[in-house]
Ligand code: NAD
Ligand code: LMR
């Protein structure tokens, strides 16, 4: 029997990530090849005409799984009945800007959209915040939508996670699909900590630790980390626009694994509400290693954290605490 359609909201749908993301959702990349979807697309009035153009293209593409399109500038209409909300709307970082610079513009959007989601989304709606500062926007959304369970509000660090896998695969000349269990800790910013201490590569002789195969701690503790941390800025420098196709693809990975589950023995990185695991302060949206089952994520427990890692986990937590204070000062 055909499944009922799932309603997926994409805010900022007329923007560049939106333009890459909506066809992926309509093709089943996010929720699976047998899952019909109804797309809800929200943007602001100056982008209404462009948004309508995207809707026209979705119709023209005749996606078999796409059962309807709502394209609107009204947040209530956009949020009504949605099961999944991908929050991309906001102002992107330009060359030379730190993510903090886009804070004031974006947190006020997330405060107001929190209420629309809280009041009109389907119960148990899963929320993924992509727009920067992603962790802090997600925290503001959570705090101003108190009836949405904290476990339903997440932010995107899967792009950073995938970037880490990509760097290891390039360095070792192996398939990226054979590399797993890298971890992004903390903020989706240049203080994030890409950690490969638990990462492995599938080889004909079984799974081997990345550290053993790379055999170059100086690279793993230095250039590898800074390349992943600075990748967003490198893309902006090269494209004069921030990453879009990789962001859209990673957003699909994030929701797919959350809804359909992570493969056995594999963990991924998600920005989630901290419960104090790994001595990360509770009450921040912080990226952790997680596994997902039955539509719920759980933080992977018991991983060893050496002194080098501990410092990096604390540094990015400190930045998130600072961002939280700054966000509240922007809202007051
Ligand atoms: P973009 O400027 O191309 O698109 C943003 C869209 O949001 C625009 O169409 C704009 O009109 C719309 N918008 C602005 N205010 C809105 C509001 N109140 N409600 C609904 N829509 C609104 O930007 P982009 O390149 O698509 O990037 C979007 C966001 O994603 C940026 O904040 C960017 O920094 C962030 N980003 C995050 C990651 C990540 O890994 N977390 C990766 C890449 C980009
Ligand atoms: C990215 O990581 O590509 C995005 O967050 C864009 C940015 O501002 O770096």
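The table below lists the values:
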quantity: Distance between the range 59-134 and the range 157-175 - C-alpha centres, whole angstrom; calculated: 27
quantity: Tilt relative to the chain, helix 307-331 - C-alpha long axis, 0 to 90 degrees, to 10; calculated: 30
quantity: Prolate/oblate/rounded label for the range 215-332 (Cα gyration tensor, a/c 1.5); calculated: rounded
quantity: Distance (nanometres) between label positions extended 7 Å along Cα→Cβ at residue 202 and residue 332; calculated: 5.2
quantity: Most mobile of 143, 118, 57 in a GNM of the chain (Cα contacts under 10 Å); calculated: 57
quantity: The chain: translational diffusion in µm²/s, Stokes-Einstein, Kirkwood Rh over Cα pairs, 4 °C, 1.567 mPa s; calculated: 65
quantity: For the range 300-322 versus the range 212-271, the gap between their alpha-carbon centres in whole angstrom; calculated: 18
quantity: Proxy reagent accessibility, fewest Cβ within 10 Å first, across 319, 212; calculated: 212, 319
quantity: Tilt relative to the chain, helix 16-26 - C-alpha long axis, 0 to 90 degrees, to 10; calculated: 80
quantity: Helix 103-120 axis, angle to the chain major axis (alpha carbon atoms, nearest 10°); calculated: 60
quantity: Antiparallel content of DSSP bridges confined to the range 108-227, in %, to 5; calculated: 75
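None of the figures in this text is laboratory data; all of them are computed from the coordinates on show. Keep in mind it's a predicted model, so treat the numbers as computed, not measured. Because the Cβ atoms are built from the backbone with ideal geometry, glycine has one as well, and the counts that use them run over all protein chains shown.
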